[in-house]
Amino acid sequence: MRSPGPAENGAPIALGLRANLAQFGLLVAVNALVGGMVGQEQTVLPLLAEREFGLTGYTYLFTYVIAFGLTKATANYFAGTWSDRVGRKPVLIVGWLIAVPVPLMLIWAPTWGWVVAANVLLGLNQGLTWSTTVIMKIDLVGPKQRGLAMGLNEAAGYGAVAVTSLVAGYLAARYGLRPAPFLLGLSYAVLGLGLSGLLVRETRDHARLEAAGHVGRYDHLHADLSNRQIVSHVSFREPALSSASQAGLVNNLNFGLSWGLFPLLFATAGLPVDRIGVLFALYPAVWGIGQLVTGGLSDRWGRRHLITAGMLTQSTALAVIAVADTFAAWAAAAALLGAGTAMVYPVLLAVIGDVAHPAWRGRAVGVYRVWRDAGYAVGALMGGIVADLWGLRTAVWVAAAITAASALVVAVRMYETHPGRAASPRGR
């Protein structure tokens, strides 16, 4: 492929996974560390809230998830905007600097307010670092392997969530809820900052290379859209972009609900903390591993039908979780929920990359991730309110119904976006 000239570091640039394998692999490793920052909390914090801080009432307990979701959603927008304006790497480094205090605050927290404040910082870290690694990988690989790239990225991140959740649960059972599980997060933050500062290279020139040869299939989505127009298209107007945004929100609604509610539901059956950790790890483990297959599959089969089927699979899994009361049944349902999420998660990002012009791709990814990660807060808030009023299982049933409705929206409104399989956009 022709190049417009050297990259910012003076090296020649080209698009494609093979041409950028070293940097791509480094970014996969960095995103695994990003995911691990979340995994350190998921098994431990709901139990910490009850056992050390004596919290009662599900809505109050879920405040840390709400704080995380809202700040991550906001940070996603600025990550996209700043990465288009000043570059990807500076945003990545700032995100890791914000991460360093998080595990220390969790270790030393004397009150629940410290935990909430730590999750505000964690949300900022996740929004800046995860969004940036997504944008950088899309920059590197170009249009042909976008689904595969997103599958590898999300597999690394959520695989690390699963492994760290499992290890944190083991450490908590063996050594106590603090400080051992959070020392994992401290090591991740230091390593992520070092790799990002010393080895990661800027990728904006790869986006410029793609833009130079970009032939847009969507005439209404030209290169010079304003920020307001981009927000409007991704949120409401453009059928594929807006359908992806609502599906992403519902997908993370389920994750936010599970984060705050599943450990408590599993504890009602008298399961010990290490077995709860296994159950909680199954969901992101299958999710993470499955994306190694589903991202590339969407490059061959297309995006739309895979997303619809994935949302329906999630809805079915939630219904099983709502009625089950044994470790084996919950384990099967958690695995099914992970499989459904794997069918959706990297493919939604690929849809954004398919439709957005390279000139404003970073901002489009940022806006999409605002909607998607607002789902954390919506899921935690909805789950907490419904659980307080009608019980834990009813909250899971409500999530199952919302997820089925989301699948219907995708089936009716989204068109196929893969460059090799796409039909004409509908709803211009």
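No lab work stands behind these numbers, since they all come straight from the coordinates. Please read these numbers as outputs of a predicted model, since none were measured by experiment. Glycine also receives a Cβ, built like all others from the backbone with ideal geometry; neighbour counts cover every protein chain displayed.
Rounded to the nearest 0.05, what FRET efficiency is calculated for residue 323 and residue 293 with R0 set to 22 Å and r the Cβ-Cβ distance?
0.15
Suppose we take every Cα in region 284-428 and form the convex hull; what volume per residue is that in Å³?
It comes to 116 Å³ per residue, whole-number rounded.
In degrees between 0 and 90, to the nearest 10, how far off the longest principal axis of the chain does helix 239-267 point, with axes built from Cα atoms?
For helix 239-267, the angle is close to 20 degrees.
Between residue 212 and residue 86, what is 0.36 nm times their sequence separation minus the Cα-Cα distance? Round to one decimal in nm.
Extra length available between residue 212 and residue 86 comes to 43.4 nm.
So, R0 is 41 Å and r is the distance between the beta-carbons of residue 229 and residue 401; what FRET efficiency does that work out to, to 0.05?
Working from the Cβ atoms, E equals 0.75.
Which number comes out as Rg/Rh for the chain once both Rg and the Kirkwood Rh are worked out on C-alpha atoms? It would help to have the intermediate numbers written out before the result.
Working: Rg = 20.4 Å, Rh = 21.2 Å.
Reported Rg/Rh (Cα atoms, Kirkwood Rh): 0.96.
Taking N as the number of residues in region 224-307, what is its alpha-carbon radius of gyration divided by 2.2 N^0.38 Å?
Expressed relative to 2.2 N^0.38 Å, the Cα Rg reads 1.51.
Show me, for region 134-144, the HN-Hα J-couplings you get by feeding each phi into the Karplus relation (A = 6.51, B = -1.76, C = 1.60, θ = phi - 60°), rounded to Hz, glycine and proline as x.
Result, ordered by residue: 4, 4, 5, 5, 4, 4, 6, 8, x, x, 6 Hz.
Could you list, bin by bin from short to long, the percent of Cα-Cα pairs of region 117-198 in 5 Å steps?
With a bin width of 5 Å, the distribution comes to 3, 12, 17, 23, 19, 13, 8, 4, 2, 0.
With a cut-off of at most 15 other beta carbons within 10 Å, and DSSP calling the residue loop, which trypsin sites (Lys or Arg not before Pro) in region 105-170 qualify? Please list them.
Numbers: sites: 137, 144, 146; in loops: 144.
Here the sparse-neighbourhood loop sites are 144.
Relative to the longest principal axis of the C-alpha atoms of the chain, give the angle of the C-alpha long axis of helix 273-301, reported between 0 and 90° and rounded to the nearest 10°.
20
Give me the angle, in degrees from 0 to 90, between the Cα long axis of helix 304-323 and the longest principal axis of the Cα atoms of the chain, rounded to the nearest 10.
Between helix and principal axis, roughly 0 degrees.
Any idea what the relative contact order of the chain is, in percent, if you count C-alpha pairs under 8 Å spaced at least 6 apart?
Values: 859 pairs, mean separation 114.2, N = 428.
Once normalised by length, the contact order is 27 percent.
Averaging sequence separations of C-alpha pairs under 8 Å and six or more residues apart, then dividing by the length of region 312-412, give the relative contact order as a whole percent.
Values: 70 pairs, mean separation 38.9, N = 101.
39 percent.
What percent of all Cα-Cα pairs in region 266-353 falls into each 5 Å bin, going from 0 up to the bin containing the maximum distance?
Each 5 Å bin holds this share of Cα pairs: 3, 16, 23, 20, 15, 10, 7, 4, 1.
What is the packing order of peptides 269-280, 245-256, taking the mean over residues of other C-beta atoms within 10 Å and listing the highest first?
Top of the packing list down: 245-256, 269-280.
Per DSSP helix of 4 or more residues, -39500 (n - 2.57); summed, then divided by the residues of the chain. What does that give at 222 nm, rounded to the nearest 500?
-26500 deg cm²/dmol
What's the whole-number percent of alpha carbon pairs in region 137-263 lying beyond 18 angstrom?
Result for the distance tail: 74 percent.
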